[in-house]
Amino acid sequence: MEKKKIVLSGMRPTGPLHIGHLVGALNNWVSLQEKYNTYFLIASLHALTSEYANSERIPEYTKEIVLDWLSVGIDPEKSVIFDHSKFEHHYQLHLILSMITPLGWLERVPTYKEQIKQLKAKNIDTYGFLGYPVLQTVDIILYKGELVPVGEDQVSHIELSREIVRRFNYLYTEVFPEPQPLLTKVPRLPGLDGRKMSKSYNNAIYLKEDFDEVKKKIFPMMTDTRRKRRTDPGVPEDCPVFYYHKAFSTQEEVDEIVKGCTTATIGCLDCKKILIKNLEKVLVPIKEKRDKLEKDKSFVDDVLREGNKKAKEVAEKTMDEVFTAIGFKNE
Ligand code: TRP
Ligand code: SF4
């Protein structure tokens, strides 16, 4: 039998997960578990690059995210679920890679300057933040990750990982495979107000919310502004509700909505009711599972402890090869 490829991805523990994460990443992660050797990590150190002043909240968010993952079907029997800050190897390899990564490569990463501008208030003009993609490279290559499911915005990071790997393998010994991005080709879910879905805009639907709260958020949701009256036709592509339908409704329903909206034969309220019915089917079971898991106080801790242990064993082996490759191995 052919060896299963290694898939690795992660998320920063900076807040609870929303339906954008579900549609954009988690559904895909859940199905990848069936075919690949999957690692999913909590990137606490990446959270620290921007949240170093609020670092005490990172462990709390870590637990929330693991609960979110488990409740959507990430399975600790199939995947290694871990926190990369819990053993020494990520710190070690980060330092070593920082020696061989030219500054120019890092300054060129498009997310770098953008984020510095966007997060001005957080003062991320630091040595650590410049190294963010190096830290991400470590996450991937410590486990010899081959495929990295990410969104469009992260592709430049994986490109950089490939360059760092090539340089390491060329300078020393061929230790690492070149990772490939596995692009998630789903359109981004907009927030309730049509802007990017984000905790900071207060326009998200969270996986841990009660469905009654979700309903209360859908009813007043923004729609296409052309539909001032029930008789005014609309343009679905200009309505955030429509993007939710594309993610949660059947193709038949989506076709009906396009027809109904553009000919003003369906009202926005009815359109939203169909969405609510479909969202309920997906979100209620997730929430039920989450509530159940949450009752078992030690469950998340146990999952993380087990996952950290498995990950550490692999990381340790790789670091052995790294120290040997650079000639630092004590005999
Ligand atoms: N940088 C990723 C993000 O912001 C999170 C992340 C950390 C990651 N380590 C990773 C993603 C390793 C893929 C692989 O979304
Ligand atoms: Fe949006 Fe539906 Fe109203 Fe059209 S009918 S504007 S898609 S809510």
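The values are calculated or read from the model by the stated rules, or taken from the named source; none is laboratory data. Just so it is clear, the model here is predicted, and its values are computed rather than measured. All Cβ positions, even for glycine, are placed from backbone atoms using ideal geometry, and neighbour counts span all protein chains on display. SASA here: full protein model, heavy atoms, side chains in, ligands and nucleic acids out. Shrake-Rupley method; radii C 1.70, N 1.55, O 1.52, S 1.80 Å.
Give the distance, in whole Å, between the Cα centre of segment 190-238 and the Cα centre of segment 26-40.
Computed from Cα coordinates, the inter-centre distance equals 30 Å.
What do you get when you divide the Cα radius of gyration of the chain by 2.2 N^0.38 Å, with N the number of residues?
Taking N as the residue count of the chain, the ratio is 1.10.
Using alpha carbon centroids, what distance separates segment 241-264 and segment 277-318, in Å?
First find each Cα centre; the distance between them is then 33 Å.
Hey, which aspartates and glutamates would be in cross-link range of Lys228, C-alpha to C-alpha under 20 Å, not counting anything within fewer than 8 residues on its own chain?
Within reach: Asp193, Glu237, Asp238, Asp270.
Net charge around Glu2, counting only other residues with Cβ within less than 13 Å of its Cβ (Lys, Arg = +1; Asp, Glu = -1)?
In short, +3.
Please compute the length gained on full extension between Thr111 and Thr262, using 0.36 nm multiplied by the number of residues separating them and subtracting their Cα-Cα distance.
That pair, Thr111 and Thr262, stretches by 50.6 nm at full extension.
Where does helix 268-295 land angle-wise versus the long Cα axis of the chain, in degrees 0 to 90, nearest 10?
For 268-295 against the chain, the angle is about 40 degrees.
Pairing the Cα long axis of helix 58-72 with the longest principal axis of the chain, what angle in degrees results, from 0 to 90 and rounded to the nearest 10?
60 degrees
Would you mind checking segment 109-146 for residues with the amide N under 16 Å from a putative spin-label position 7 Å along Cα→C-beta of Glu2?
Taking a point 7 Å out along Cα→Cβ of Glu2, the residues of segment 109-146 whose backbone N falls under 16 Å are 146.
Averaged per residue, what accessible surface does segment 209-292 expose to a 1.4 Å probe, in Å²?
Value returned for segment 209-292: 57 Å² of accessible area per residue.
Relative contact order of the chain: what whole-number percent is it, with Cα pairs under 8 angstrom and at least 6 residues apart?
Taking the mean separation of contacting Cα pairs over the length of the chain, I get 22 percent.
With every protein chain left in place, what is the accessible area per residue of segment 74-153 in square angstrom, probe 1.4 Å?
49 Å²
So, R0 is 35 Å and r is the distance between the beta-carbons of Phe328 and Lys289; what FRET efficiency does that work out to, to 0.05?
Efficiency, rounded to the nearest 0.05: 0.15.
Suppose every Lys and Arg Cβ carries +1 and every Asp and Glu Cβ carries -1, with no other charges. What dipole size does the chain come out with about its Cα centre, to the nearest 20 debye?
My answer is approximately 840 debye.
Select from Leu130, Leu17, Leu41 the residue whose mean-square fluctuation is largest in a Gaussian network model of the chain (Cα-Cα springs shorter than 10 Å).
Per the Cα network of the chain with a 10 Å cutoff, Leu130 tops the list.
Separation between the Tyr91 and Lys310 pseudo-spin-labels, each 7 Å from Cα along Cα→Cβ, expressed in nm?
Calculated label separation equals 2.5 nm.
What distance in nm separates the simple spin-label points at Leu183 and Ser98, each placed 7 Å from Cα in the Cβ direction?
3.3 nm
If r is the Cβ-Cβ distance from Leu119 to Ile218 and R0 is 30 Å, what FRET efficiency results, to the nearest 0.05?
E between Leu119 and Ile218, to the nearest 0.05, is 0.50.
Going highest first, how would you order 98-106, 132-140, 310-318 by mean Cβ packing within 10 Å?
Ranking the peptides 98-106, 132-140, 310-318 by packing returns 132-140, 310-318, 98-106.
Please report the net charge: other residues with Cβ closer than 14 Å to the Cβ of Gln33, K and R +1, D and E -1.
+1
Provide the gained length on full extension for the span Ile276 to Lys199, in nm with one decimal, where the gain is 0.36 nm per separating residue minus the Cα-Cα distance.
Gain on stretching Ile276 to Lys199: 25.6 nm.
Could you compute the FRET efficiency for Asp320 and Thr225, with r as their C-beta to C-beta distance and R0 at 56 Å, rounded to 0.05?
FRET efficiency, Asp320 to Thr225: 0.40.
Need the full-extension length gain, Asn169 to Asp301, defined as separation in residues times 0.36 nm minus the C-alpha distance. One decimal, nm.
In short, 43.9 nm is gained.
So what are the ³J(HN,Hα) numbers for segment 200-215, from phi and the Karplus equation (6.51, -1.76, 1.60; θ = phi - 60°), rounded to whole Hz, Gly and Pro as x?
6, 8, 6, 10, 10, 10, 8, 5, 8, 7, 5, 5, 4, 5, 4, 4
So what's the net charge close to Leu106: Lys and Arg +1, Asp and Glu -1, counting the other residues with Cβ under 15 Å from its Cβ?
In short, -1.
Leaving out ligands, DNA and RNA, what percent of the accessible area of the chain is carbon and sulfur, probe 1.4 Å?
52 percent
Distances longer than 22 Å among the Cα atoms of segment 209-292: what percent of all pairs is that?
Taking all Cα-Cα pairs of segment 209-292, the fraction more than 22 Å apart is 26 percent.
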